[in-house]
1. Counting C-alpha atoms alone, how compact is the stretch A:205-312: give Rg to one decimal and Dmax as a whole number, in angstrom.
2. For a test of the definition: using alpha carbon positions, the gyration tensor, and the 1.5 limit on a/c, classify the stretch A:12-168 as rounded, prolate or oblate.
3. Could you tell me how many degrees, from 0 to 90 and to the nearest 10, lie between the Cα long axis of helix B:300-322 and the main elongation axis, the longest principal axis, of the Cα atoms of chain B?
4. Can you check what the Kirkwood hydrodynamic radius comes to for the stretch A:292-379, Cα pairs only, in Å to one decimal?
5. Taking the Cβ of B:GLY192 as the centre, find all other residues whose Cβ is under 9 Å away and add up their charges (Lys, Arg: +1; Asp, Glu: -1).
6. Say we join alpha carbon atoms closer than 10 Å with springs in a Gaussian network model of chain A; which of A:VAL50, A:VAL107, A:VAL196 then has the biggest fluctuation?
7. For B:THR122, what is the net charge nearby, where nearby means another residue's Cβ is under 12 Å from its Cβ and Lys, Arg count +1, Asp, Glu -1?
8. Divide the volume of the convex hull of the Cα atoms of the stretch B:240-291 by its number of residues and quote the answer in cubic angstrom per residue.
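Derivation of every value follows stated rules applied to the coordinates shown; laboratory data play no part. Since the structure is predicted, the reported quantities are computational estimates derived from the model, not experimental observations. Cβ coordinates were reconstructed from backbone atoms using ideal geometry, including for glycine residues, and neighbour counts include every protein chain displayed.
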Number of protein chains: 2
Amino acid sequence: MSAPTREDLARLDAADPLAALRDAFDLPAGVIYLDGNSLGALPRATAARVADVVTRQWGEGLIRSWNTNGWIEAPMRVGAKIAPLIGAAPHEVVVADSTSVNLFKLVAGALTVRPGRATILTERGNFPTDLYMLQGIEALFRGAVRLKAVAADDLPAAIDADVAAVVLTHVHYKSARRWPMGAITRLAHGRGALTVWDLSHSAGALAVDLNGAGADLAVGCGYKYLNGGPGAPAFAFVAERHQAALRSPLSGWMGHAEPFAFSDAYVAAPGIRRQLCGTPAILGLAALEAGVDLFAKVDMTALEAKALALGDRFIDLVEARCGFAGMRLASPREAAARGSHVAFAHRQAYAIMQALIARGVIGDFRAPDLLRFGFAPLYLRFVDVWDAVTIMREVLESRDYEHERFGAFSAVT
Amino acid sequence: MSAPTREDLARLDAADPLAALRDAFDLPAGVIYLDGNSLGALPRATAARVADVVTRQWGEGLIRSWNTNGWIEAPMRVGAKIAPLIGAAPHEVVVADSTSVNLFKLVAGALTVRPGRATILTERGNFPTDLYMLQGIEALFRGAVRLKAVAADDLPAAIDADVAAVVLTHVHYKSARRWPMGAITRLAHGRGALTVWDLSHSAGALAVDLNGAGADLAVGCGYKYLNGGPGAPAFAFVAERHQAALRSPLSGWMGHAEPFAFSDAYVAAPGIRRQLCGTPAILGLAALEAGVDLFAKVDMTALEAKALALGDRFIDLVEARCGFAGMRLASPREAAARGSHVAFAHRQAYAIMQALIARGVIGDFRAPDLLRFGFAPLYLRFVDVWDAVTIMREVLESRDYEHERFGAFSAVT
């Protein structure tokens, strides 16, 4: 495909059925924000929602708001709102803790429902906290559990009869390579293993279909494409068929069948609620709910199509207009194999990203040599892609970045 | 002691060096809030702090705020501010996750630094989530760890050579009975065990002195006396001498020595930071910091004295003015053995508490027969004690409560 013009892109915006959603966000002037895959932008509704929770619900309602303002049900309520975005039933998703903590719960849970199997299988180069949590589980069980991390290409063949759980990030945080969820799940099931999907880089951008894929368990992040704010609580999915068997190892009081009976013995709540642990983070939940509410009328198939189209145009334009500077695509070219971000490799990636950020194009650097650009389809326009590439071309032509020093990392995925 | 008059109490308020702190809180009109031990009141500064984080830091700063607005350091910064309230050094406390999750981390950590010991010892009737989390650890280790829960009176003798950790709540959530932290810790150390203290019902009300007591590990709640808001993040204390040995079983990326190197292998951060797991909850941390900042100039010894004096006056007045109705003290009478709340038992406790709440005196019911009243010393006045007891007397005299139905529990500890 030949590279589009700015006019071509403006026409795509004019025809975009999702274009009006951009108005639901408060985006700072002078910024093209290509980092919504790291921290989503602020929805306009959020400030008032959070202020209401602080001033009216907490300040005036005090302890009574656990009931009168629906705090106690918030983890299930917001989970049910996330469910349609990821192909889950409302009673299969709950909001709690962090992605890391939820991964611990579900993988430890998977081990107990696959007794006799001792291997957790994952991909080498998976998102670090996923690897670290799995290493923590391996250390905790002192020899009774083995973590096997293999190269992506070797993963299908590595699902053997000792594997209890295949733990993968649906869309890779660096390359954006997308695992075929249905095919891997079928393969895992054929060998008696469960699948645990980390949806951090796909929920809210792609038309994830957990139940369509037959997935068993999943976790995901609230502060990326769901726009829940910095450190937003995360979500956990447990397919209905596993809910009765999967007891959380973090068996806190909010997962108890009767939390306010204050009995001495833990009895797991029925259903997804047993995946709760401590008292829910109400401020974080309120902000996350405001973010998730923006998806209420969004057709996820159309959203995914836009996300991938933004990425396609970006790839075409970078190659056509910045190819001279040695930018090398480090993501799958084929949209169907990609998530909602695009990575390019360059020997001076860090310095180039610093120069881009200084000019208002905010992406990420990922060591050792990647520039990562996220295309949050709820609020980005096609012309933003053009303008970002224009600024990238200016940076590369001016060679300003060659004077940048290699400093501390400045972003959080 | 004979019961004081309202004038006696007004004189105590006039002489109270902490009285001005009440103005730092936004308390609703018509309410006497005796439930700050369940959910602390709203500090006046909090709404603006949280709004700044949402609108300026997140909305405008976006991903850059992890560095430019100090988000990444917030767990350590707020931990260091909590430290002086609990007798810890600034580098011994971090804010993260929930109390339940932190308890899991520290107890599992304690087991690894006491190899060869398989018993976790706790008190029967301890706060439910503490018991449930310990039961979860026992289940997780499938026979390699044994949870022993004994009556409080039997606990000292039960610390034997197999005990790895003695896990106790410093101030009991129902009775307010206070464990002698120094004596129990000396006993535990003499038998080779560590102590893990849950400070949820003491931090921010009593002059807790972890290092003075020689304590090893502790956790505590951000939403009670620290006034951090509903579901505020919790804190964890690890004495400096244990920090290098105590690796968290929840080894998420924020506890890694170099989180932004994105390496595949977990390497625990030095010091307290390794107790972090996932991405910090920035909205919750901002609200908690506003609450904790109110303690900056507070003499904790004076604060504890006020807390206990409020409780003493309440006990005297209830017994003198409401004794006719069969209210029975269910907390230690001696202030030194008590925390900052007071429980009374009554056969119709639930109905009486509902009637009190309907008249603006907000306390808690705890099954089966307790009325629990918390005396948050930062914002309660001595005359509030008088007025609350006056309303209680009216309720008891009118016997209105006898018409109340026993409904759903309405409070969260």
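1. Rg, Dmax (Cα atoms, Å): 16.7, 57.
2. Taking the square roots of the gyration eigenvalues as a ≥ b ≥ c, the stretch A:12-168 is oblate.
3. So the helix axis and the longest Cα principal axis differ by about 40 degrees.
4. Details: mean 1/r = 0.0720 Å⁻¹.
Evaluated over the stretch A:292-379, this radius sits at 13.9 Å.
5. Local charge sum for B:GLY192: +3.
6. Answer for the Gaussian network model of chain A: A:VAL50.
7. On the way: positive: B:ARG124, B:ARG146, B:LYS148; negative: A:ASP264, B:GLU123, B:ASP130, B:GLU138, B:ASP154, B:ASP198.
Here the count lands on -3.
8. Value for the stretch B:240-291: 93 Å³ per residue.
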